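Working notes for the structure below.
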Amino acid sequence: MSTTAQLKPTANIGLPLDIVETISANLANFDLHKPAEHDNARIVAGIVVKTYVLAQLQAHENELDANARSILNAYADDFVTFDDLQSNEQQLIQSFPALLDSHITVYKFLAAVFDRTPFASYLTPALFRRVLGKEAGNAFGIWQYPVFIESECLGSSIYPAPSFFNHACEHNIEKRRQGRKMEFVTTRDIDADQELYISYGMFEDLEVHERQKMLFEQWHFKCGCPKCERQLKEIAA
């Protein structure tokens with residue numbers, strides 16, 4: 001028996017035309033040249049806009065209709081969960097020092113893009129570092145289908161709640177993208193007290209030391225799942 005849980009992105013919020021025009025004019029004068037920088041700018045910009053929208057909704061909470069209240073609750077819940085995620089900023093910069101210059105470039109780009117808009121005051125160094133630190137190791141890749149070892153990664157998305165799933169090299173949950181939704185489906189029967197695990201990548205067929213090396217380099221932890229522990233004991237025996 002399998003069980004499926006679906007997670008949908010929060011509702012889209014339309015921006016006033018004058019803000020869109022200002023951002024468009026700013027974009028005409030600045031650009032980023034690396035795909036990874038575009039991806040980081042998109043992630044941080046999304047959080048900045050949602051932070052602004054959340055602040056506006058909270059400031060006028062007593063005037064909201066049912067739809068606006070549902071958006072407020074969804075945003076508020078997402079931010080609480082997002083803030084609880086582990087930041088991997090220090091490990092990321094230590095592993096890839098060149099990213100520091102890249103992050104500075106992205107921050108300057110966003111500061112220029114948000115200039116003369118209500119979002120400018122919400123883009124702070126602290127928020128920028130918090131978002132990218134938590135994105136590292138918590139974001140889900142958006143992969144070309146069908147997914148196999150040579151599939152292209154088209155980008156990434158943050159789903160705060162499922163980021164708390166731990167990795168296991170013998171996972172019992174599969175993640176599947178359906179449009180803008182992410183589904184999590186059990187692959188076998190789960191006991192009531194059994195932890196749910198996803199796989200952070202396609203590592204199942206790799207040798208244990210190679211798996212652990214890739215997991216440490218990409219997600220900054222040493223895997224101690226039952227499969228790794230079993231295979232390490234077999235090697236040591």
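The residues in the range 43-67 that are surrounded by 15 or more Cβ atoms within 10 Å (Cβ to Cβ) and free of Cβ contacts under 8 Å to residues at least 24 places away in the same chain can be counted, and the count is 1. Can you name the residue in the range 91-106 that is of a type outside the set (A, V, I, L, M) and in contact (Cβ under 8 Å) with a residue 24 or more places away in the chain and is also farthest from K50 (Cα to Cα) among such residues? Checking each candidate, the answer is S95.
Which residue, of Q86, Q90, is in contact with a helix residue (DSSP H, G or I) (Cβ under 9 Å, 6 or more places away or on another chain) and surrounded by fewer than 12 Cβ atoms within 10 Å (Cβ to Cβ)?
Q90
Residues in the range 118-147 that are without any contact (Cβ under 8 Å) to a residue 40 or more places away in the chain and in the same structural domain as D31 (by TED's automatic domain parsing): A120, S121, T124, P125, A126. When A236 is tested against (1) under 26 Å from V48 (Cα atoms); (2) loosely packed, with under 11 Cβ neighbours inside 10 Å; (3) among the small types (G, A, S), exactly one condition is not met: (1).
Quick one: is D115 out of contact with any Cys (no Cβ under 6 Å at 6 or more places or on another chain), in the same structural domain as I23 (by TED's automatic domain parsing), outside any loop (DSSP other than H, G, I, E, B) and of a type in the set (D, E, K, R)?
On the way: out of contact with any Cys (no Cβ under 6 Å at 6 or more places or on another chain): yes; in the same structural domain as I23 (by TED's automatic domain parsing): yes; outside any loop (DSSP other than H, G, I, E, B): no; of a type in the set (D, E, K, R): yes.
Taking the combined requirement at face value, the residue does not satisfy it.
Restricted to the range 68-90, and to residues that are outside any helix (DSSP H, G or I) and touching a residue at least 60 places away in the same chain (Cβ under 8 Å), which residue is farthest from N166 (Cα to Cα)? Within the range 68-90, the match that is farthest from N166 (Cα to Cα) is N88.
Of all residue pairs spaced 6 or more apart or on separate chains, those with beta-carbon atoms under 8 Å, a first member in the range 187-201 that is within 23 Å of Q218 (Cα to Cα) and a second member that is of a type in the set (K, R) are I198/K175. Restricting attention to the range 93-124, the residues that are closer than 27 Å to D18 by Cβ and of a type outside the set (G, A, S) total 15.
The values are calculated or read from the model by the stated rules, or taken from the named source; none is laboratory data. As the structure is a prediction and not an experimental result, all values here were calculated from the model. We place every Cβ from the backbone using ideal geometry, glycine too, and count neighbours over all the protein chains shown.
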